[in-house]
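Read through the structure below, which is laid out as structure tokens, and then see the notes.
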Amino acid sequence: MNGTISSYGRVIGIGSYLPEKILTNDDLAKIVETNDEWITERTGIKERHISDPDKDTSESMAIEAARRAVADSGIDPLKIGLVIVACTTPNVLFPVLSASVQAAVDADNAMCFDVNAACPGFLHAFVTAQNYLRSGMVEYALVVGTENLSNYMDFTDRSTCILFGDGAGACVLQAQKDLSYDAIMRAAGKRSECMHCESYMQKGKEKTPEFLKSNYIQMDGQTVFKFAVTEVPKVIEDLLSRTGTSADEIDYFILHQANRRIIESVAKRLKQPIEKFPMNIAKTGNTSSASIPILLDEMKKDGLLGEGKKKVILSSFGAGLLWGAIQTEI
Ligand code: UT7
């Protein structure tokens, strides 16, 4: 127990897992009417990792990413007081994925729960963990984002199947004093119709072709695009204004990897160089709630988070509609 009010969680360990199998744009061009040039130009995606049905589940990927994050942190897993897994595509409804992760990493003293907040799920888990850490209720937390989106892809629909990939990422947070942190999370449930995926198991629902189609991710891409390029810069600007920070002082804007053009548009609106917006979308596609921790892991391995504290903004958006931004130091 830490017991100190106003300690926030600093990321002290990061891990990720990406399935071995890679699906390139050329591979997709053999399945649907598309081509590498269109996908690259409109999205920035060249390839994505796709789960192996014999090996990878949202649960197994979460476990692997969590193991790597705990190993990276170097802490005794018995110190972890909280495990939260963000997932929209779980392979089991219960036991919750966070309990499986707890067991696998031997975090036997941790409380566990999952959150489903679509693509910004990792941010919601991170913000929730911060509140537990800040209150002093726990000193260490493990936060995971994991998605097996290819299970929910209609590989006859070229407007969606080119966008998404599978994977998981995880962070260990430790309550520390003298760490800046703030967040703004927003939702617009009244604008939910542009992204939809119906649950298969519903009493009384006839398994008509129309219903079966609705069990795959359905999206009005242009509406989501417009929402993202409008609301993401706005929430970042509002957060910077609240924390009294200028965008120039931020080292990295770590954005949900959904579309390169969305990230470029946000950079332009914030009048910041694109180099401050790390990207791995070309190789991962959109991995929903896993995208930010996977990117953080890559940044750490590339030495971008190495020396001293870096001032960062994490920001994401997705179905709900939900979006938000976190400002902290990593
Ligand atoms: O985590 C949040 C998840 N969602 C998102 O981030 C989605 C945000 N939206 C987007 O990223 C973009 O809207 C897409 C990449 C989905 C689509 O790009 P767009 O520039 O908005 O294309 P569009 O939907 O306006 O379609 C333009 C054209 C259409 O043809 P016509 O009607 O102009 O002849 C489409 O039929 O491109 C066609 N098209 C394709 N062509 C080749 C749509 N998908 C493809 C494709 N390959 N895969």
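The values are calculated or read from the model by the stated rules, or taken from the named source; none is laboratory data. Please read all numbers here as calculations on a predicted model, not as lab measurements. All Cβ positions, even for glycine, are placed from backbone atoms using ideal geometry, and neighbour counts span all protein chains on display. Protein only, heavy atoms only, side chains kept; ligands, DNA and RNA dropped before computing areas. Shrake-Rupley method; radii C 1.70, N 1.55, O 1.52, S 1.80 Å.
Brief remarks follow.
- The fraction of accessible area contributed by carbon and sulfur in the chain is 50 percent, rounded to a whole number (1.4 Å probe; ligands and nucleic acids excluded).
- Sequence-distant lysines (8 or more away, or on other chains) whose Cα lies within less than 23 Å of Lys311: Lys177, Lys234, Lys268, Lys271, Lys276, Lys300, Lys301
- For the stretch 253-330, the C-alpha radius of gyration divided by 2.2 N^0.38 Å, with N the number of residues, is 1.05.
- Taking a point 7 Å from the Cα of Asp52 along the Cα-to-Cβ direction, the residues of the stretch 148-189 with backbone N closer than 15 Å to it are 167.
- Accessible area per residue for the chain is 44 Å², calculated with a 1.4 Å probe on protein heavy atoms, without ligands, DNA or RNA.
- Using alpha carbons only, the radius of gyration of the chain set against its Kirkwood radius gives Rg/Rh = 0.95.
- The chain: most fluctuating residue of Ala103, Ala125, Ala290 per GNM, C-alpha cutoff 10 Å: Ala103
- Anisotropy class of the stretch 4-179 from Cα gyration tensor, a/c 1.5 cut: prolate
- Cα gyration tensor shape for the stretch 50-135, rounded if a/c is under 1.5, else prolate or oblate: oblate
- Loop trypsin sites (Lys or Arg not before Pro), the stretch 52-94 (other Cβ atoms within 10 Å of the site Cβ: 10 or fewer; DSSP): none
- Protection proxy ranking of 277-286, 225-234, 37-46, 193-202, by the mean of other Cβ atoms within 10 Å over each peptide's residues and highest first, is 277-286, 225-234, 37-46, 193-202.
- The accessible-area ordering, largest first, of the residues Asp182, Asp238 stands as Asp238, Asp182, per a 1.4 angstrom probe.
- Computed over neighbours whose Cβ is under 12 Å from that of Tyr216, the net charge equals -3, Lys and Arg +1, Asp and Glu -1.
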